[in-house]
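Undergrad: What follows is a structure written as structure tokens; I'll ask about it next.
The values are calculated or read from the model by the stated rules, or taken from the named source; none is laboratory data. Keep in mind the model is a prediction, meaning the values are calculated, not measured. Cβ placement follows ideal geometry from the backbone for every residue including glycine, while neighbour counts extend to all protein chains displayed.
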Amino acid sequence: MMVLIGVGLIGCDSNVDTILEPTWQVQDVGNINSEDRAEVSVSVKRRGDDQPLMVRAIVTGIDGEKVDGSGYGLYADGRFFADGEFRVELPPGKTHIKLRSGPEHVPVEITLNAKAGRHQHIDVNLPKWFSPRDRGWYGVDNHVHAQHDPTAEVSTGLGYTVLQARANGLSYITEAGSNVDYSSIDTLSSDEFVIHRADELRPGPFVGHLNTPGIESPIEDELYEHLKREPLPVQKIHKEVYRRGGAVIYTHPMTPPQQLHWMGAGELYSDAVMGRTADAMDIDARHTELFWFSVLNMGNRIAATASTDAALGRTQTLSPGDRRVYVQLDELSPKTLATAIRNGRTFATNGGPLFLFLNVDGHTPGDVIEVNGPDSFPVELEVQSLHSLQSVQLYQRGKRVVDFDMKDVRGLTHLSTTVDVSNDNFGWLVARAENENGDWAITSPVYFEPVQQATPPGESMILTIGNHTRFIELRPDFFAHMKVTVSPGESLEEVALMRDGEIVHRFIPEMGDLLHDGRIPVTQIHGEYGPGWLWHPDVGKPVHFQADWPIIETGWYALRAITNDKRLLVSDAIRFDAGIPYSRQYSLAHLRGGDTDLTLYGYGEEMPLNEIELPFEGDHWWYPQNTYFRLNVRFGTYFEQIESGQSAGENFRRYGAE
């Protein structure tokens, strides 16, 4: 049952529109030394206490050109950042100015007639409509590169990076590795704001990238190189990061969504089945939400986070906090941040003025409620939204169980309902809200765990076919890359690569391991691929297998595995056509267990095979030009499909389909 217990508007008189209105005044200061130009200066303060506000600004002249008021250069949308004030010179005429200072302050848009030969000054006051920090929730972006590349289109540095973060309302950023001077980084933190360096980790192909906020010192180079030679390096890296006080986050886990081999969280499929995930996962789109729900349903406790991967030297990039995580902290520090993320005290947003707080029978995100049989629990939500809400929903084990009617509701909203919990293993509940502007927020779970619980049997299966090296040059030859993982308590007795229903190659533990050129198959970085395979943790009772095998003939390729319990595991199939003259990659992944079944299909195509020359100087396999992506997810009777890109679905078919 759902009950709407109250909708209140912000402000003592419950009048949002009156209380939230920014104010500004324009003054004509005097002449400038140009009759065909105009000059405009702006100062921005918080309404009520006259404190200067760091701002994100876009200034557009009558000619449609964006104008820089920072001296650092403009981003593609024309934005720049200023510490409370700025000045621009532009053509006289109608001028449009957009100002905002984080999601806590009400933004403003000002239209001004800039006068020829005159300097006009605008005093702006922005009201603060809500403060998550006053409630102990701090805005954080754990993936920011001040200057990702050796050269920069925008003149960035750590100082301008901090200004951008603070102008966007953040309290903390993790600098994830840049081509900048770090000697001054410690001077840029204060009681109000922390910048902490923790380089993004990129262990290898089919593994994914990791952020490690709060880590006190980096993993030593020699040890890190050793960890990268593990078949499932994230699990070992996780332990080392813990030892150094940090948390571990799978970042951009499905970027780009059709690929499994480089940036996306390829290892997470195996980690999820083994119950050995990292602490959190970045959410950036609906398909990552569904992936996260599936990982939770495997019995994992994994928090929701969000980050930007901002590369601030590039004009085409997000700004710090355009996606962010709010973390509940007693004090602002790297140590407390890492602890809170580990404990799941988070909610993720795409940076807009929308905040969401979940309480289940006195428990908040990250808490575990023990259940002993069917029961009902009261749920309370608090939603703070500057704009009218579109939806507020509760998800239980991936299925939407409550959908509140939120039409034309904004400001402060209190909601309550009850949820029923059965004897299902590893239950969980999250809340999600979205407003009319597309701002969204999603909480980490409150968990329901039976007093006596059993891990549901599950498996992950990954099969890709492509013509790339480990890092990531193109070659004329194609390889199948295989990963199969089963739940602890089971083991693999056989894995086979199939073509048109016949075995291409059969792998059994008694064969031992074969390392091509001494390198771990599939996941070890650098070098060429060749035939090889590996059982993990050992050939005696392996729960994980990975292999590379050459692909030459046209046909439908699939994986088949048999466990010690005689469970037959079969993947869907990929159609490989040896006659296609282009570089390409086919990606297939399954994550299955209990009532959960996730399937990913991906395809990317690029340069002609006959144009590949060695030494290779062509395109690298980061972002193929022609792509296709489809995600099918089933939670019990609930089914959802997401599809995008150029049609390539004919390259995939369900197991057993004719």
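Undergrad: In region 168-190, what count of residues is obtained for those that are aromatic (Phe, Trp, Tyr) and in a strand (DSSP E or B)?
TA: 1
Here is a yes/no grid of residues against (1) without any contact (Cβ under 8 Å) to a residue 60 or more places away in the chain; (2) of a type in the set (Ser, Thr, Tyr); (3) in the same structural domain as ILE562 (by TED's automatic domain parsing):
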position: THR469; (1), (2), (3): no, yes, yes
position: PHE478; (1), (2), (3): no, no, yes
position: GLU502; (1), (2), (3): yes, no, yes
position: LEU514; (1), (2), (3): yes, no, yes
position: HIS544; (1), (2), (3): no, no, yes
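Undergrad: Now for a separate question. Would you mind finding the one in ALA116, ALA165, ALA82, ALA57 that is part of a loop (DSSP other than H, G, I, E, B) and either over 30 Å from ARG410 (Cα atoms) or in contact (Cβ under 8 Å) with a residue 40 or more places away in the chain (or both)?
TA: The match here is ALA116.
Undergrad: Please go through region 310-334 and pick out each residue that is surrounded by fewer than 23 Cβ atoms within 10 Å (Cβ to Cβ), within 14 Å of VAL140 (Cα to Cα) and either of a type in the set (Asp, Glu) or in contact with a Leu (Cβ under 6 Å, 6 or more places away or on another chain) (or both).
TA: Within region 310-334, ASP322, GLU331 meet the criteria.
Undergrad: In addition: Just to verify a result, which residue in region 435-469, among those that are assigned to a strand (DSSP E or B) and charged (D, E, K, R), is farthest from PHE576 (Cα to Cα)?
TA: Residue satisfying both the conditions and the ranking: GLU449.
Undergrad: Just one of the numbered conditions (1) buried (at least 23 other Cβ atoms within 10 Å of the Cβ); (2) in the same structural domain as THR288 (by TED's automatic domain parsing); (3) on the phi < 0 side of the Ramachandran plot is not true of LEU394; which one?
TA: (2)
Undergrad: Of the numbered conditions (1) more than 21 Å from LYS399 (Cα to Cα); (2) crowded, with 24+ Cβ neighbours inside 10 Å; (3) touching a helix residue (DSSP H, G or I) at 6+ places or on another chain (Cβ under 9 Å), PHE291 satisfies every one except a single condition; which is it?
TA: All conditions pass for PHE291, except number (1).
Undergrad: Report yes if some residue within region 643-650 is in contact with a Leu (Cβ under 6 Å, 6 or more places away or on another chain) and either closer than 22 Å to ARG575 by Cβ or part of a loop (DSSP other than H, G, I, E, B) (or both); otherwise report no.
TA: Checked region 643-650: no residue is in contact with a Leu (Cβ under 6 Å, 6 or more places away or on another chain) and either closer than 22 Å to ARG575 by Cβ or part of a loop (DSSP other than H, G, I, E, B) (or both).
Undergrad: Which one of the conditions (1) farther than 30 Å from GLY540 by Cα; (2) part of a strand (DSSP E or B) does MET482 fail to meet, given that it meets all the rest?
TA: Failing condition for MET482: (1).
Undergrad: Here's something else I'd like to know. So, THR277, is that one buried (at least 24 other Cβ atoms within 10 Å of the Cβ), touching a His at 6+ places or on another chain (Cβ under 9 Å) and of a type in the set (Val, Ile, Thr) or not?
TA: Judged against the criteria, THR277 is a match.
Undergrad: For region 586-603: of the residues being buried (at least 24 other Cβ atoms within 10 Å of the Cβ) and of a type outside the set (A, V, I, L, M), which is farthest from GLU553 (Cα to Cα)?
TA: It comes out as GLY602.
Undergrad: Now for a separate question. Out of THR151, THR111, THR187, report the one residue that is of a type outside the set (D, E, K, R), out of contact with any strand residue (DSSP E or B) (no Cβ under 9 Å at 6 or more places or on another chain), modelled with pLDDT of 95 or more and farther than 22 Å from ILE249 by Cβ.
TA: Answer to the check: THR187.
Undergrad: I'd like to know if region 499-518 contains one or more residues that are surrounded by 19 or more Cβ atoms within 10 Å (Cβ to Cβ) and part of a loop (DSSP other than H, G, I, E, B).
TA: no
The rows are residues; the columns are (1) touching a Phe, Trp or Tyr at 6+ places or on another chain (Cβ under 8 Å); (2) assigned to a loop (DSSP other than H, G, I, E, B).
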site	(1), (2)
THR315	yes, yes
GLU331	no, yes
LEU337	yes, no
ILE341	no, no
LEU358	yes, no
LEU394	no, no
VAL401	yes, no
ASP408	no, yes
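Undergrad: May I pose another question? Taking the options ALA578, ALA561, name whichever one is buried (at least 16 other Cβ atoms within 10 Å of the Cβ), in contact with an Asp or Glu (Cβ under 7 Å, 6 or more places away or on another chain) and farther than 24 Å from PRO256 by Cβ.
TA: On inspection, the qualifying residue turns out to be ALA561.
Undergrad: Identify all residues within region 581-636 that are in a loop (DSSP other than H, G, I, E, B) and farther than 29 Å from SER460 by Cα; write none if there are none.
TA: Answer for region 581-636, where residues must be in a loop (DSSP other than H, G, I, E, B) and farther than 29 Å from SER460 by Cα: PRO581, ILE612, GLU613, LEU614, PRO615, PHE616, GLU617, GLY618, ASP619.
Undergrad: Quick check on VAL522: is it surrounded by 13 or more Cβ atoms within 10 Å (Cβ to Cβ), among the aliphatic types (A, V, I, L, M), touching a residue at least 12 places away in the same chain (Cβ under 8 Å) and on the phi > 0 side of the Ramachandran plot?
TA: Considered against the rule, which asks whether it is surrounded by 13 or more Cβ atoms within 10 Å (Cβ to Cβ), among the aliphatic types (A, V, I, L, M), touching a residue at least 12 places away in the same chain (Cβ under 8 Å) and on the phi > 0 side of the Ramachandran plot, VAL522 comes out as yes.
Undergrad: Can I ask one more? Search region 470-482 for residues being under 27 Å from the mean Cα position of the chain (by Cα), surrounded by fewer than 19 Cβ atoms within 10 Å (Cβ to Cβ) and not aromatic (Phe, Trp, Tyr), and hand back the single one that is farthest from PRO581 (Cα to Cα).
TA: Step by step, filter region 470-482, then rank; the result is ILE472.
Undergrad: Taking region 192-221 only, how many residues are part of a loop (DSSP other than H, G, I, E, B), closer than 15 Å to LYS335 by Cβ and not hydroxyl-bearing (Ser, Thr, Tyr)?
TA: Within region 192-221, residues that are part of a loop (DSSP other than H, G, I, E, B), closer than 15 Å to LYS335 by Cβ and not hydroxyl-bearing (Ser, Thr, Tyr) number 5.
Undergrad: Quick check: is even one residue across region 36-53 over 18 Å from ALA167 (Cα atoms), in a loop (DSSP other than H, G, I, E, B) and in contact with a strand residue (DSSP E or B) (Cβ under 8 Å, 6 or more places away or on another chain)?
TA: For region 36-53, residues over 18 Å from ALA167 (Cα atoms), in a loop (DSSP other than H, G, I, E, B) and in contact with a strand residue (DSSP E or B) (Cβ under 8 Å, 6 or more places away or on another chain): present.
Undergrad: Which of the residues that make up region 60-107 are under 28 Å from SER385 (Cβ atoms), touching a strand residue (DSSP E or B) at 6+ places or on another chain (Cβ under 7 Å) and surrounded by 19 or more Cβ atoms within 10 Å (Cβ to Cβ)?
TA: Matches in region 60-107: ARG79, PHE80, PHE81, ALA82, ILE97, LEU99, ARG100, SER101, GLU104, HIS105, VAL106.
Undergrad: Right, here's the next one. Confirm whether ASP619 is modelled with pLDDT under 95 and either in contact with a Leu (Cβ under 9 Å, 6 or more places away or on another chain) or not assigned by TED's automatic domain parsing to the domain that holds HIS544 (or both).
TA: So ASP619 passes the test.
Undergrad: Still on this model: Within the set of pairs 6+ apart or on separate chains, which have a first residue in region 259-282 that is under 14 Å from PRO488 (Cα atoms), a second that is buried (at least 24 other Cβ atoms within 10 Å of the Cβ) and among the basic types (Lys, Arg), and C-beta atoms under 7 Å apart?
TA: Cβ pairs passing all conditions: SER270/LYS483.
Undergrad: Does region 40-56 contain at least one residue that is closer than 21 Å to GLU153 by Cβ and either of a type in the set (D, E, K, R) or modelled with pLDDT of 95 or more (or both)?
TA: Scanning region 40-56 turns up at least one residue that is closer than 21 Å to GLU153 by Cβ and either of a type in the set (D, E, K, R) or modelled with pLDDT of 95 or more (or both).
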